[in-house]
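Computed from the coordinates by the stated procedures, all read-outs in this text should not be read as laboratory data. From a predicted model like this one, the values you see are computed outputs, not experimental measurements. Because the Cβ atoms are built from the backbone with ideal geometry, glycine has one as well, and the counts that use them run over all protein chains shown.
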Amino acid sequence: MIKNIVNLMRRSSDREVEESEEVLKASLDTTRIPRHVAVIMDGNGRWARRKGMPRSFGHRAGVESLREAVRVSAEIGLKVLTVYAFSTENWKRPQEEINILMDLLVEYLNKEIDELCEKNVKIRAIGGIQELPPKAREAIAVAHDRSKNCSGLNLNIALNYGGRAELVEAVRGICAKVAENELALEDIDQELISRHLYTAGQPDPDLLIRPSGDYRVSNFLLWQLAYTEFWLTDIMWPDFKGVHLVRAVLDFQRRNRRFGGLNK
Ligand code: FPP
């Protein structure tokens with residue numbers, strides 16, 4: 001009896017979340033959908049600890065939030081969603097946690113690839129992919145290949161990613177071309193640098209979402225975030241649902257972006 005009531009309550013609260021997501025979605029200005037949203041998926045560990053569970057429990061729950069974010073991004077017509085899954089600094093974590101994160105990545109890609117392709121989602125792993133374990137590289141290669149003709153949402157998964165490392169790589173690439181006389185010094189401008197980043201060909205993020213109450217950029221998309229709007233929340237990533245993404249986008253639509261200029 002009590003179990004039934006609890007289930008009923010759970011179902012009706014799920015319905016409320018769904019309904020408010022639908023209501024909020026309907027109030028979006030479809031002419032001002034951000035082209036690119038970036039997310040620092042933070043707070044998995046603290047979320048799990050608060051529940052007396054191991055950190056891995058939080059990461060697994062974080063994958064569910066990622067699924068939600070991808071679903072809503074595709075539904076509202078985002079062009080690019082970039083998620084920070086593993087930074088160049090995350091190698092400092094215990095090997096056991098690193099293994100869990102790599103296993104989750106492989107599981108996510110293998111399990112989701114059919115549905116992602118059905119949703120027309122194109123996957124791009126950004127970061128030092130060559131330094132990831134072979135099974136992660138294989139799953140990424142398959143996901144790249146399977147989704148290469150998709151033309152809807154571009155899902156960038158930042159793995160072994162660091163904004164500074166990305167800039168170092170770009171500088172090296174440009175210098176090599178200058179040394180080979182493929183480029184002249186005068187050819188180097190902001191556009192050219194953007195074209196040498198992992199996000200080449202994609203617009204810079206319009207909106208950065210950081211859950212979990214920290215106010216840091218954490219070496220994420222350092223070049224690309226120059227004029228990005230920030231949306232910070234105390235919600236831990238595993239509790240971040242589709243409705244929160246819609247709220248962030250609605251809030252973004254109320255911002256007055258001047259890019260260093262004046263109001264029109
Ligand atoms: C930061 O939270 C989160 C990470 C380092 C990993 C993010 C990974 C996922 C959401 C799931 C796996 C991803 C894929 C692509 C399948 P934290 O662990 O540092 O949390 P804390 O700050 O509370 O300790």
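Among Thr233, Thr199, Thr30, determine the one that fluctuates most according to a GNM of the chain built with springs between C-alpha atoms less than 10 Å apart. The residue with the greatest mean-square fluctuation here is Thr30. Positive contributions from Lys and Arg (+1) and negative ones from Asp and Glu (-1), summed over other residues with Cβ under 11 Å from the Cβ of Leu192, come out at -2.
What is the range 60-110 by shape, rounded, prolate or oblate, if you read a ≥ b ≥ c off the alpha carbon gyration tensor as root eigenvalues and call it rounded for a/c under 1.5, prolate for a/b larger than b/c, and oblate otherwise? Cα axes put the range 60-110 in the prolate bin. Distance between the pseudo-spin-label points of Asp214 and Glu89 (7 Å out from Cα toward the beta carbon): 0.7 nm.
Report the relative contact order of the chain, percent, no decimals, based on alpha-carbon pairs under 8 angstrom and at least 6 residues apart. Walk me through the numbers before you get to the answer.
On the way: 370 pairs, mean separation 72.5, N = 264.
Result for the chain is 27 percent.
Treating the angle as unsigned and between 0 and 90°, give the value, to the nearest 10°, between the Cα long axis of helix 242-253 and the longest Cα principal axis of the chain. Computed tilt is about 50 degrees. Compute the separation of the alpha-carbon centres of the range 82-104 and the range 138-191 and state it in Å as a whole number. So the separation of the two Cα centres works out to 21 Å.
Gain in length, Leu222 to Asp234, computed as 0.36 nm per residue apart minus the alpha-carbon separation, to one decimal in nm?
Working: separation 12, 0.36 × 12 = 4.32 nm, distance 2.25 nm.
Result for the pair: 2.1 nm of gain on full extension.
Taking the Cα centre of the chain as the origin and placing charges on Cβ (Lys, Arg +1; Asp, Glu -1), which of Tyr108, Gln202, Pro54 is farthest toward the positive end of the dipole? Value: Pro54.
Long-range amide H contacts for Thr82: which residues qualify at under 5 Å (H placed 1.01 Å from N, peptide plane, sequence gap of 5 or more or a different chain)? Residues meeting the criterion, in which the H sits 1.01 Å from N, are Val37, Ala38, Val39, Asn156. Other residues lying with their Cβ under 12 Å from the Cβ of Tyr227 contribute a combined charge of 0, Lys and Arg counting +1, Asp and Glu -1.
GNM remark for the chain: springs join alpha carbons under 10 Å apart, and the peak mean-square fluctuation among Asp29, Asp189, Asp251 falls on Asp189.
Could you give the dipole magnitude of the chain about its Cα centre, charging the beta-carbon of Lys and Arg +1 and that of Asp and Glu -1, in debye to the nearest 20? Present the calculation step by step, with values, prior to reporting the outcome.
Details: 39 positive and 38 negative charges, 147 e Å.
I would put it at about 700 debye.
Over its Cα atoms, what ratio of radius of gyration to 2.2 N^0.38 Å does the chain give? Mind showing how you got there, number by number?
Details: Rg = 19.6 Å, N = 264, 2.2 N^0.38 = 18.3 Å.
In units of the 2.2 N^0.38 Å rule of thumb, it is 1.07.
Among Arg46, Arg137, Arg172, the largest mean-square fluctuation in a Gaussian network model of the chain, built with springs joining Cα atoms closer than 10 Å, belongs to Arg172. Using the Karplus relation 6.51 cos²θ - 1.76 cosθ + 1.60 with θ = phi - 60°, the per-residue 3J(HN,Hα) values for the range 104-118 come to 5, 4, 4, 4, 4, 5, 5, 6, 8, 4, 4, 5, 4, 5, 4 Hz, with x marking Gly and Pro. Between amide H atoms placed 1.01 Å from N, distances below 5 Å from Tyr161 occur with Phe86, Ser87, Thr88, Gly128, all of them 5 or more places distant or on a separate chain. Taking Lys and Arg as +1 and Asp and Glu as -1, the other residues whose beta-carbon sits under 11 Å from that of Lys79 total +1.
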